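Enquirer: Let me begin by handing over the structure; questions about it come next.
The values are calculated or read from the model by the stated rules, or taken from the named source; none is laboratory data. Here the structure is a predicted model, which means the values were calculated and not measured. Cβ sites come from the backbone with ideal geometry, for glycine too, and all protein chains shown count toward neighbours. What goes into the accessible areas is simple: the full protein's heavy atoms, side chains included, and nothing from ligands, DNA or RNA. Shrake-Rupley method; radii C 1.70, N 1.55, O 1.52, S 1.80 Å.
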There are 2 protein chains.
Amino acid sequence: MFRRSFAALKVNLNPRVVAAQYAVRGLIPARADVIKKEIAEGKGSHPFDSLVYCNIGNPQSLKQPPLTFFRQVMCLIDNPQMLENKKIVAEFPADVVARAREFLKGIGPTATGAYTNSLGYDFAREIVAKHINERDGNVKPLTTAANITLTDGASSGVRFLMQILIGGPKDGVMIPIPQYPLYTAQIALLDGKAAPYYLREKEGWGVHSQDLEAAYSKCVSEEGATPRLFVAINPGNPTGNVLDRKVMEDVVRFCHDKKLVLLADEVYQENIYAPGKKFVSYREVVLSMPEPYNKTMLISLHSTSKGIIGECGRRGGYFEQVNIPEELREQLVKMCSINLCSNVNGQVMTALMCSPPKKGDASYESYWAEYNGLFDSLKARAELLAKELNTIPGFSCQPVQGAMYAFPNVTLPEKYRQYNEEQNKKEGRQLALDARWALELLESSGIVVVPGSGFGQVDGTWHFRTTILPPMDQMQRMVKAIRSFQENIYKKYN
Amino acid sequence: MFRRSFAALKVNLNPRVVAAQYAVRGLIPARADVIKKEIAEGKGSHPFDSLVYCNIGNPQSLKQPPLTFFRQVMCLIDNPQMLENKKIVAEFPADVVARAREFLKGIGPTATGAYTNSLGYDFAREIVAKHINERDGNVKPLTTAANITLTDGASSGVRFLMQILIGGPKDGVMIPIPQYPLYTAQIALLDGKAAPYYLREKEGWGVHSQDLEAAYSKCVSEEGATPRLFVAINPGNPTGNVLDRKVMEDVVRFCHDKKLVLLADEVYQENIYAPGKKFVSYREVVLSMPEPYNKTMLISLHSTSKGIIGECGRRGGYFEQVNIPEELREQLVKMCSINLCSNVNGQVMTALMCSPPKKGDASYESYWAEYNGLFDSLKARAELLAKELNTIPGFSCQPVQGAMYAFPNVTLPEKYRQYNEEQNKKEGRQLALDARWALELLESSGIVVVPGSGFGQVDGTWHFRTTILPPMDQMQRMVKAIRSFQENIYKKYN
């Protein structure tokens, strides 16, 4: 479709909204939903009878079960009358019942029916703060509930912070390329400038200081904008890499020297699979550095949607503030208050994520059995997927060290490029080459991936993002379908 | 506090964010929270030992219980394992269990752990559409799920729509004055122009066509902006009035002729208390009008936070589109997709709100007994409050026909105005006279109300908004405290 002329529209549209893109739920997944509906209604003719959705990190949509303990506590909090019924209480483990009572005490007499305060329940924010301190080896200064804000997923934290710091085209945001498209979408909505720093694919999507300097300078000199915010995604989305401490220290020094707020998207902190790798938080790095770098402004994001918990539907999450000046804190509180509060089930789930059963609790063994089973399965799929993709002609896939995605590099024949240009002319649209590839993959096999152009990539290179989430049988179908599809392209267009 | 100079700040702040105000959780409630904490910690010296929060429509924070049926279904959906346990199932009414199974079937195999599609569960959107058709006497054309979007409360629908239609200072939004401050906050964030139309207080906060025309012309001629959106709040917040069909028809004609999208904030549609008044939706009015007015563009908002359900914490809600052109629909879908989806507990609660137990269901009698008990109690408090406030010196309160608020007009002595100016000088801040009044009321009695200046009012008049939600004993304390406080002002400053 050609973009229709604004003049022909019946309503005035904000051009920044029109410009915003979000590929994770863009063209390919939208087409997939149409096909899914056609299959369900027995319409259309497709050479497959089901789809494999690899476009979005949505574990429980792909048969990953929820962690039992969390759901048990949640249901008692949702309906506290159950706690007054001995027959029902008898059917729950003792620590579930105790935990529900403890949380309800923290919530107060209104249970979960009232708006909370703007930043979220105090009791939940205290649990989050305690968890962060323990995770980071109690590095000083310890954090407190005052630094924690509960949010609807991680996305709303990103939105609040960007909205406060980015007032227009003079304000820039440093983002990794490839990036998670929420960032470019929010920058477009705010009329800010993206200052992309490219990750070095062949070095496992590494970050280099000189690339950061170059990106900053380019934003200033070519865009006339000053970067205000630095986005780091670790573990990487869509890249699956895990940053080393040394690189993180470089980033912190850079942010400090340029007076940037460091926004650390750490939603995959529990998803690290590579041997020898472990999660190091930007908070721990910042606070462990010498003066003045330990004063770097940092906001760290987390979510209930990823990890092993995978409770996307709850829209739970938090952000933590480190070294944030009072004038910015005030605006964050105000933005949250305009939103009234995040949803309480998400708040409760966030508190649960940060306080799993402890040794000696009735649910301790079963919780960790479930957790480790899911973790091991994700790890196995991460390893298998990268390995398999690397055997497909024209594919090169960096190791999936963490997160939930592989982002393979796909070499495509020149003739396929020409074919895409001809098709675009016929169809009156401008599909990028990898979007054409992903669309044809979908139409021929039912596999739903997101083209690399939705995340950003070095010009002339092509990628796609797939999750590692499909169960093993679906993943095998996916790999087989991609292999066959790519081999056909090589046959037909080489 | 003086607003600090931007130059002195450590971070760049978006001036539009700094300009945005949200009085419902502004100065007075923030001070109340400090006092509450001091009381809890035994600090400070306050002439009361508890607060009465009348600043926000948050029923369950003021002892309003949740409706049992909704919570029962919700807990089973949160933890579907319960449905496999016969001992637990036996403790629930049959229709609760059947409803949970039905909803879970609609949700699909992933229960509530996965992101839903961007607009919300299909099954829930179908329930909402059916409910709307029944509510509106099946006026044609019937609505369908395709017109329904599930949201985190009503607020996020407002945000999406405003963001799409308001691109900057050339775009205006017609808002009633007084208004719910979410609207002015969003306009400020988007750098749009507010085009206020004043409600006529002495005519029960009536809307007049000539006032609409004048507001529109003023926006065009004085602000250089074109109104794009018309906000109607019915039943009124903070005014508590209920519009008559004739007035609504005037509004529709006006919106049609000016090519405005009509945004109908109808979150208080179940909260109508005045004899002879009933809820008429803007949808029903639009669709019942002759050509071309039946083609007026309309988006209607609803929420689980108000009504009798009062489930604010769930952040459930929806908006419905009527006559909305495809180009706007597309942008709404995209904005929702950038947000991924609204929270699933809110979605489930919205579906429940639109499908209470039916005659013959096991929970039918008890549900309606609870519902009617709560409704009658709200109605009694609405009547009592307006009556009592009208007996206080200098007060004039329009009837609380609907919603959850009274917005009395308060006449204050000239000497009190002078006193406020002196105080402002001493304190280095600029409190409006009604903000001073509300602050001193809080400090002297623990009663938390919101000054009228947060909602907008005719220059030189003063008001405050109080909810009708405190239980009868607290409401009596509130009325007594306000009376005594106001009498003291009259004594001291007259």
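Enquirer: Conditions first: (1) of a type outside the set (Lys, Arg); (2) buried (at least 16 other Cβ atoms within 10 Å of the Cβ); (3) assigned to a loop (DSSP other than H, G, I, E, B). B:LEU352 passes all but one, so which condition is the exception?
Expert: (3)
Enquirer: Among the listed residues B:ASN424, B:ASN339, B:ASN409, B:ASN343, identify the single one that is over 24 Å from the mean Cα position of the chain (by Cα) and open to solvent by less than 50 Å² (accessible area, probe 1.4 Å). Give the steps one after another, and end with the answer.
Expert: Values: B:ASN339 fails: over 24 Å from the mean Cα position of the chain (by Cα); B:ASN409 fails: over 24 Å from the mean Cα position of the chain (by Cα); B:ASN343 fails: over 24 Å from the mean Cα position of the chain (by Cα).
Every option except B:ASN424 fails the conditions.
Enquirer: Go over the candidates B:ILE148, B:ILE132, B:ILE88, B:ILE175 one by one and state the one that is open to solvent by less than 10 Å² (accessible area, probe 1.4 Å), within 8 Å of another protein chain (Cβ to nearest Cβ), modelled with pLDDT of 95 or more and touching a helix residue (DSSP H, G or I) at 6+ places or on another chain (Cβ under 9 Å). Outline the logic, then answer.
Expert: On the way: B:ILE148 fails: within 8 Å of another protein chain (Cβ to nearest Cβ); B:ILE132 fails: within 8 Å of another protein chain (Cβ to nearest Cβ); B:ILE175 fails: within 8 Å of another protein chain (Cβ to nearest Cβ).
Only one candidate passes the filter, namely B:ILE88.
Enquirer: Moving to a separate point now. Considering only the range A:180-213, how many residues are assigned to a loop (DSSP other than H, G, I, E, B) and within 14 Å of chain B (Cβ to nearest Cβ)? Write out each step before concluding.
Expert: If we filter the range A:180-213 for residues that are assigned to a loop (DSSP other than H, G, I, E, B), which is where we start, we get A:180-181, A:190-192, A:199, A:204-205, A:207-208.
Still in the list and also within 14 Å of chain B (Cβ to nearest Cβ): A:180-181, A:190-192.
Within the range A:180-213, residues that are assigned to a loop (DSSP other than H, G, I, E, B) and within 14 Å of chain B (Cβ to nearest Cβ) number 5.
Enquirer: Then there is this: What's the number of the only condition in (1) open to solvent by 10 Å² or more (accessible area, probe 1.4 Å); (2) more than 8 Å from chain B (Cβ to nearest Cβ) that A:LYS334 fails to meet?
Expert: (2)
Enquirer: Suppose we filter the range A:91-111 for residues that are open to solvent by 10 Å² or more (accessible area, probe 1.4 Å) and not in a loop (DSSP other than H, G, I, E, B); how many remain?
Expert: We begin by selecting, within the range A:91-111, every residue open to solvent by 10 Å² or more (accessible area, probe 1.4 Å); these are A:91-95, A:97-99, A:101-102, A:104-111.
Filter again for not in a loop (DSSP other than H, G, I, E, B), leaving A:94-95, A:97-99, A:101-102, A:104-107.
Count: 11.
Enquirer: Does A:ILE166 qualify as being out of contact with any helix residue (DSSP H, G or I) (no Cβ under 6 Å at 6 or more places or on another chain), of a type in the set (Val, Ile, Thr), open to solvent by 10 Å² or more (accessible area, probe 1.4 Å) and at pLDDT 95 or above?
Expert: Working: out of contact with any helix residue (DSSP H, G or I) (no Cβ under 6 Å at 6 or more places or on another chain): yes; of a type in the set (Val, Ile, Thr): yes; open to solvent by 10 Å² or more (accessible area, probe 1.4 Å): no; at pLDDT 95 or above: yes.
In short, no.
Enquirer: Can I ask one more? What is the residue count in the range B:120-129 for residues that are more than 19 Å from A:ARG25 (Cα to Cα) and surrounded by 24 or more Cβ atoms within 10 Å (Cβ to Cβ)?
Expert: So in the range B:120-129, the residues more than 19 Å from A:ARG25 (Cα to Cα) come out as B:123-129.
Next, from what is left, pick out any that are surrounded by 24 or more Cβ atoms within 10 Å (Cβ to Cβ): B:124-125, B:128.
Number satisfying all stated conditions: 3.
Enquirer: Also, quick follow-up: For A:LYS130, state whether it is without any contact (Cβ under 8 Å) to a residue 24 or more places away in the chain and not assigned by the TED database to the domain that holds A:GLY57.
Expert: Values: without any contact (Cβ under 8 Å) to a residue 24 or more places away in the chain: no; not assigned by the TED database to the domain that holds A:GLY57: yes.
Against the criterion (without any contact (Cβ under 8 Å) to a residue 24 or more places away in the chain and not assigned by the TED database to the domain that holds A:GLY57), A:LYS130 does not qualify.
Enquirer: Does the range A:44-58 contain at least one residue that is of a type in the set (Gly, Ala, Ser), assigned by the TED database to the domain that holds A:PRO470, on the phi > 0 side of the Ramachandran plot and at pLDDT below 95? I'd like the intermediate steps shown before the answer.
Expert: Start the filter on the range A:44-58 by keeping residues that are of a type in the set (Gly, Ala, Ser), which leaves A:44-45, A:50, A:57.
With the extra rule that they be assigned by the TED database to the domain that holds A:PRO470, the set shrinks to A:44-45, A:50, A:57.
Narrowing the set further to residues that are on the phi > 0 side of the Ramachandran plot leaves A:44.
Of the ones still in play, those that are also at pLDDT below 95 are A:44.
Yes.
Enquirer: Among the candidates A:GLU330, A:GLU284, which residue alone is among the acidic types (Asp, Glu), assigned by the TED database to the domain that holds A:GLU213 and either touching a Lys or Arg at 6+ places or on another chain (Cβ under 7 Å) or at pLDDT 95 or above (or both)? Quick ask: steps written out before the conclusion?
Expert: Numbers: A:GLU330 fails: either touching a Lys or Arg at 6+ places or on another chain (Cβ under 7 Å) or at pLDDT 95 or above (or both).
It is A:GLU284.
Enquirer: Does the range A:359-390 hold any residues that are without any contact (Cβ under 8 Å) to a residue 24 or more places away in the chain and outside any helix (DSSP H, G or I), and which are they?
Expert: Answer for the range A:359-390, where residues must be without any contact (Cβ under 8 Å) to a residue 24 or more places away in the chain and outside any helix (DSSP H, G or I): A:LYS359, A:GLY360, A:ASN390.
Enquirer: When A:TYR318 is evaluated against the numbered criteria (1) within 12 Å of A:THR151 (Cα to Cα); (2) within 7 Å of chain B (Cβ to nearest Cβ); (3) not hydrophobic (A, V, I, L, M, F, W, C), which criterion, by number, is the only one it fails?
Expert: Going through (1) within 12 Å of A:THR151 (Cα to Cα); (2) within 7 Å of chain B (Cβ to nearest Cβ); (3) not hydrophobic (A, V, I, L, M, F, W, C) one by one, A:TYR318 breaks only (2).
Enquirer: With (1) within 14 Å of another protein chain (Cβ to nearest Cβ); (2) within 21 Å of the chain's Cα centre (by Cα) as the list, and B:LYS259 as the residue in question, which single condition is left unmet?
Expert: (2)
Enquirer: Which residue, of B:MET404, B:MET475, is closer than 30 Å to B:ILE309 by Cβ, touching a Gly at 6+ places or on another chain (Cβ under 6 Å) and either open to solvent by less than 50 Å² (accessible area, probe 1.4 Å) or at pLDDT 95 or above (or both)? Step through it out loud before you land on a result.
Expert: Numbers: B:MET475 fails: touching a Gly at 6+ places or on another chain (Cβ under 6 Å).
Exactly one of B:MET404, B:MET475 is closer than 30 Å to B:ILE309 by Cβ, touching a Gly at 6+ places or on another chain (Cβ under 6 Å) and either open to solvent by less than 50 Å² (accessible area, probe 1.4 Å) or at pLDDT 95 or above (or both), namely B:MET404.
Enquirer: Suppose we filter A:SER445, A:SER453 for residues that are open to solvent by 50 Å² or more (accessible area, probe 1.4 Å) and small (Gly, Ala, Ser); which single one remains? Walk me through it before giving the result.
Expert: Numbers: A:SER445 fails: open to solvent by 50 Å² or more (accessible area, probe 1.4 Å).
Just a single option satisfies the conditions, and that option is A:SER453.
Enquirer: May I ask you to list the residues in the range B:91-110 that are at the interface with another protein chain (Cβ under 7 Å from one of its Cβ atoms) and under 23 Å from A:VAL89 (Cα atoms)?
Expert: Of all residues in the range B:91-110, those at the interface with another protein chain (Cβ under 7 Å from one of its Cβ atoms) come to B:91, B:110.
B:GLU91 - this is the single residue of the range B:91-110 that is at the interface with another protein chain (Cβ under 7 Å from one of its Cβ atoms) and under 23 Å from A:VAL89 (Cα atoms).
Enquirer: Scan the range A:263-273 and give yes if some residue there is within 14 Å of chain B (Cβ to nearest Cβ), crowded, with 24+ Cβ neighbours inside 10 Å and part of a strand (DSSP E or B), otherwise no. First the steps, then the outcome.
Expert: At the first step, the residues of the range A:263-273 found to be within 14 Å of chain B (Cβ to nearest Cβ) are A:263, A:267.
Filter again for crowded, with 24+ Cβ neighbours inside 10 Å, leaving A:263, A:267.
Still in the list and also part of a strand (DSSP E or B): A:263.
Checked against the condition, which is being within 14 Å of chain B (Cβ to nearest Cβ), crowded, with 24+ Cβ neighbours inside 10 Å and part of a strand (DSSP E or B), the range A:263-273 yields at least one hit.
Enquirer: Across the range A:432-460, what is the number of residues that are in contact (Cβ under 8 Å) with a residue 60 or more places away in the chain and not in a helix (DSSP H, G or I)?
Expert: Number of matching residues: 10.
Enquirer: Quick check on my filter: what residues within the range A:200-210 are surrounded by 15 or more Cβ atoms within 10 Å (Cβ to Cβ) and either closer than 22 Å to A:SER221 by Cβ or among the charged types (D, E, K, R) (or both)?
Expert: Result: A:GLU201, A:VAL207, A:HIS208.
Enquirer: For B:SER61, work out the one condition from (1) in contact with a Ser or Thr (Cβ under 8 Å, 6 or more places away or on another chain); (2) surrounded by fewer than 16 Cβ atoms within 10 Å (Cβ to Cβ); (3) in a helix (DSSP H, G or I) it doesn't fulfil.
Expert: The failed condition is (2).
Enquirer: Sticking with this structure for a sec: I need a count of the residues in the range A:10-45 that are in a loop (DSSP other than H, G, I, E, B), open to solvent by 40 Å² or more (accessible area, probe 1.4 Å) and in contact with a Ser or Thr (Cβ under 9 Å, 6 or more places away or on another chain).
Expert: If we filter the range A:10-45 for residues that are in a loop (DSSP other than H, G, I, E, B), which is where we start, we get A:10-14, A:20-22, A:26, A:41-45.
Remaining after also requiring open to solvent by 40 Å² or more (accessible area, probe 1.4 Å): A:10, A:12, A:21, A:41-45.
With the extra rule that they be in contact with a Ser or Thr (Cβ under 9 Å, 6 or more places away or on another chain), the set shrinks to A:12, A:21.
Residues in the range A:10-45 being in a loop (DSSP other than H, G, I, E, B), open to solvent by 40 Å² or more (accessible area, probe 1.4 Å) and in contact with a Ser or Thr (Cβ under 9 Å, 6 or more places away or on another chain): 2 in total.
Enquirer: Can you tell me which residues in the range A:151-172 are part of a helix (DSSP H, G or I), over 14 Å from B:ASN339 (Cα atoms) and at the interface with chain B (Cβ under 10 Å from one of its Cβ atoms)? Reasoning before the result, please.
Expert: Of the range A:151-172, the ones part of a helix (DSSP H, G or I) are A:155-165.
From the residues that got through so far, the ones that are over 14 Å from B:ASN339 (Cα atoms) too are A:161-165.
If the condition is that a residue be part of a helix (DSSP H, G or I), over 14 Å from B:ASN339 (Cα atoms) and at the interface with chain B (Cβ under 10 Å from one of its Cβ atoms), then A:MET162, A:GLN163, A:ILE164, A:LEU165 are the ones that fit.
Enquirer: Continuing with the same structure: Looking at A:ALA185, is it open to solvent by less than 20 Å² (accessible area, probe 1.4 Å) and either outside the structural domain of A:ALA232 (by the TED database) or under 21 Å from A:GLU223 (Cβ atoms) (or both)?
Expert: On the way: open to solvent by less than 20 Å² (accessible area, probe 1.4 Å): yes; either outside the structural domain of A:ALA232 (by the TED database) or under 21 Å from A:GLU223 (Cβ atoms) (or both): yes.
When the stated conditions are applied, A:ALA185 passes them.
Enquirer: Give the number of residues within the range A:66-85 that are at the interface with chain B (Cβ under 10 Å from one of its Cβ atoms) and without any contact (Cβ under 8 Å) to a residue 12 or more places away in the chain. Lay out the reasoning, then the answer.
Expert: At the first step, the residues of the range A:66-85 found to be at the interface with chain B (Cβ under 10 Å from one of its Cβ atoms) are A:66-68, A:70-82, A:85.
After this cut, where a residue has to be without any contact (Cβ under 8 Å) to a residue 12 or more places away in the chain as well, the list is A:71, A:75, A:79, A:81-82, A:85.
Of the residues in that region, 6 qualify.
Enquirer: Anything in the range A:209-234 that is in contact with an Asp or Glu (Cβ under 8 Å, 6 or more places away or on another chain) and over 18 Å from B:VAL11 (Cα atoms)? List them, or say none.
Expert: A:SER209, A:LEU212, A:ALA232, A:ILE233, A:ASN234
The rows are residues; the columns are (1) of a type outside the set (Phe, Trp, Tyr); (2) more than 21 Å from A:LEU51 (Cα to Cα).
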position: A:ALA380; (1), (2): yes, yes
position: A:MET404; (1), (2): yes, no
position: A:PHE407; (1), (2): no, no
position: A:GLU440; (1), (2): yes, no
position: A:SER444; (1), (2): yes, no
position: A:SER453; (1), (2): yes, yes
position: A:THR467; (1), (2): yes, no
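Enquirer: Additional query: Is it the case that the range B:237-244 has a residue that's polar (S, T, N, Q) and part of a helix (DSSP H, G or I)? Full working, then the answer.
Expert: If we filter the range B:237-244 for residues that are polar (S, T, N, Q), which is where we start, we get B:237, B:239, B:241.
Still in the list and also part of a helix (DSSP H, G or I): none.
For the range B:237-244, residues polar (S, T, N, Q) and part of a helix (DSSP H, G or I): absent.
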